[in-house]
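Here is the structure we will look at.
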Amino acid sequence: MASAAVSHRTAEAPQTADPLVSVEGLSVDFATPRGTIHALRDISLEVPKGKVLGLVGESGCGKSTLAYSMIGLLAENARVAGGAIRMGGQDLAHLKPKAWRDLRGTRIAMIFQDPMTSLNPVTTIGKQMIDIQYREPISRSEKRARAIEFLEQVQLPDAAAKLDVYPHQLSGGMRQRVCIAMALLTRPDLLIADEPTTALDATLELQIVTLLRELQETFGCSVLFVSHHLGTVAELCDEVAVMYAGEVVERGHVREVFHAPRHPYTQALFDCDPARIRQATRQLPTIPGTLPDLRQPPAGCAFRARCSKAFGRCAAEHPPLHAAGPGQVARCHLNDPAEDVA
Ligand SMILES: Nc1ncnc2c1ncn2[C@@H]1O[C@H](COP(=O)(O)OP(=O)(O)OP(=O)(O)O)[C@@H](O)[C@H]1O
Ligand SMILES: [Mg+2]
């Protein structure tokens, strides 16, 4: 299935010349009373400098776990079972809490699905935006001026007056703009956004995505953008990683992956995307079957039980990431040049 041009390449993910973050073979487990959940298994990917990486996949595939592991916010019952997250000479997967406190809010910031996760409901927007600048060696009035400047950057109307309001006095879209402004105030190298538009209606979603793209270009930071919404990922992202059952199953430039997905799971995700379905239908298609039990991930290919193209090898052998096109890799035996499926 791999073209002649790439058939000689080994099964390695494409390397970005100078990535901001390199996730190398990361595995994360959760301890639960019902057993250990292997939520991330041998994840390798890179967040390129100054680019937007999209993370997609069904609910429960591990997107948030990966996002949280990059900002040191994994739950108490999580354990890094292997691998590393390299950023500027540090391994984020094994940082001590003190080192995390220094990195969070300086080099790495996060926007959550629910803006109230990061806003304090009983403190004015202004105080929160001034407090977050506690590291800056500038006066309070300068911090206030900077807060207004950043609220203007996120196109919040009447920015100065917004400093005196409480979060509940703003609409959901405005609250998310405030969170984006607060995240950018610290001038992070990496901005992590976990479903930041899922709670908003379609018009607001488009506005926030357009804003994020503009701000990313202005500030030049890298963004890890987690979303269920494939159209939004196509709009915003430069690269995309598709996750299934705790693994990256496909990775590449957004244009190539969206134009020619090479993993049957990615193909199935696109087939079920409401935005891509041309015929009017009352029942949206879904991928048949369910995610495997992450306490005992299957040997072989994790998607095989739901895959219409599965064959003998898929049960016996865990597929590596095969080169599948220019800058594109897919964890599927059909992309193995040795597999003659033409
Ligand atoms: N603290 C936890 N304890 C136990 N299991 C957890 C914990 N957090 C997540 N999980 C499990 O880890 C797996 C990955 O969850 P995660 O939240 O990363 O998925 P997701 O892709 O972000 O899903 P969604 O799209 O619904 O947000 C799931 O099986 C989930 O139930
Ligand atoms: Mg999630």
(request) Taking the Cα centre of the chain as origin, sum charge times position over the Cβ atoms of Lys and Arg (+1) and Asp and Glu (-1), and report the length of that vector in debye to the nearest 20. (result) 520
(message) Need the full-extension length gain, residue 217 to residue 308, defined as separation in residues times 0.36 nm minus the C-alpha distance. One decimal, nm.
(response) 28.7 nm
(message) Quick check: from the Cα gyration tensor, does the range 9-119 come out rounded (a/c under 1.5), prolate or oblate?
(response) rounded
(message) At 7 Å along Cα-to-Cβ for each site, give me the label-to-label distance between residue 198 and residue 161 in nm.
(response) 3.4
(message) Run the simple label-point estimate for residue 73 and residue 168 please: 7 Å along Cα→C-beta, distance reported in nm.
(response) 2.3
(message) In whole Hz and in residue order, list the ³J(HN,Hα) couplings for the range 202-208 that follow from phi through the Karplus curve 6.51 cos²θ - 1.76 cosθ + 1.60, θ = phi - 60°; x for Gly and Pro.
(response) 4, 5, 5, 4, 4, 4, 5
(request) Return the long-range amide H neighbours of residue 243 (sequence gap of 5 or more, or a different chain), with a cut-off of under 5 Å between placed amide H atoms. (result) 56, 57, 249
(request) Could you pull the Rg and Dmax for the range 293-342, using just the Cα atoms, both in Å? (result) 11.5, 36
(request) List, in the order given, every pair from 98/143; 49/162; 63/98 whose Cα-Cα distance in the structure shown is over 29 Å. (result) 49/162
(message) Viscosity 1.306 mPa s, temperature 10 °C: give me the Stokes-Einstein translational D for the range 173-258 in µm²/s, with Rh taken as the Kirkwood radius over C-alpha pairs.
(response) 117
(request) With a probe of 1.4 Å, find how much accessible area the range 98-152 has per residue, and write the answer as a whole number in Å². (result) 54
(request) Provide the gained length on full extension for the span residue 98 to residue 293, in nm with one decimal, where the gain is 0.36 nm per separating residue minus the Cα-Cα distance. (result) 66.7 nm
(request) Give the calculated FRET efficiency between residue 259 and residue 139 to the nearest 0.05, with a Förster radius of 45 Å applied to their Cβ-Cβ distance. (result) 0.30
(message) Only bridges whose two residues both fall in the chain count here: according to DSSP, what percent of them are antiparallel, nearest 5?
(response) 60
(request) For residue 322, list long-range residues whose amide hydrogen, built 1.01 Å from N in the peptide plane, is under 5 Å from its own amide hydrogen. (result) 330, 331, 332
(request) Could you grab the Rg to Rh ratio for the range 71-170? Cα atoms only, Kirkwood for Rh. (result) 1.05
(request) Would you pull out the residues with amide H under 5 Å of residue 192's amide H, same chain only if 5 or more places away, H placed 1.01 Å from N? (result) 109, 110, 111, 224
(request) Work out which trypsin sites (Lys or Arg not before Pro) in the chain are exposed loop sites (DSSP not H, G, I, E or B, at most 11 other Cβ within 10 Å) and give the longest gap free of them. (result) 136-277
(request) Please give the contour-minus-distance gain from residue 318 to residue 49: 0.36 nm per residue of separation, less the Cα-Cα distance, rounded to one decimal in nm. (result) 93.7 nm
(message) What's the longest uninterrupted piece of the chain once you rule out the GluC sites (Glu not before Pro) that are loop residues per DSSP with at most 12 other Cβ within 10 Å?
(response) 77-342
(message) Just to be sure I understand: if I project the alpha-carbon convex hull of the range 187-319 onto a plane and average over all orientations, what area do I get in nm²?
(response) 10.1
(request) Compute all pairwise cysteine Cβ distances in the chain, then list the cysteines with no distance under 4.7 Å to another cysteine. (result) 61, 179, 221, 237, 272, 307, 332
(request) Go through the range 134-142 residue by residue and turn each phi into a ³J(HN,Hα) via Karplus (6.51, -1.76, 1.60, θ = phi - 60°); whole Hz please, and just put x for glycine and proline. (result) 4, 7, 6, x, 10, 6, 4, 5, 5
(request) With a Förster radius of 45 Å, plug the Cβ-Cβ distance of residue 338 and residue 286 into 1/(1 + (r/R0)^6) and report the FRET value to the nearest 0.05. (result) 0.85
(request) May I ask you to derive the relative contact order of the chain, considering only C-alpha pairs under 8 Å and at least 6 residues apart, and to give it as an integer percent? (result) 25
(request) Could you check how much of the accessible area of the range 26-185 is carbon and sulfur, as a whole percent, using a 1.4 Å probe? (result) 52
(request) Mind running the shape call on the chain? Use the C-alpha gyration tensor, a ≥ b ≥ c as the square roots of the eigenvalues: rounded below 1.5 for a/c, prolate if a/b tops b/c, oblate otherwise. (result) prolate
(message) Relative contact order for the range 162-227: what percent, with Cα pairs under 8 Å and sequence separation of 6 or more?
(response) 40
(request) Note down, for the range 137-187, the three equivalent ellipsoid semi-axes (square root of 5 times each alpha carbon gyration tensor eigenvalue), biggest first, whole angstrom. (result) 18, 12, 9
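The values are calculated or read from the model by the stated rules, or taken from the named source; none is laboratory data. Owing to the predicted nature of the structure, the values given are computational and were not obtained by experimental measurement. Positions of Cβ are generated from backbone atoms using ideal geometry, with glycine treated the same way; all protein chains shown enter the neighbour counts. All accessible areas refer to the heavy atoms of the entire protein, side chains included, with ligands and DNA or RNA removed. Shrake-Rupley method; radii C 1.70, N 1.55, O 1.52, S 1.80 Å.
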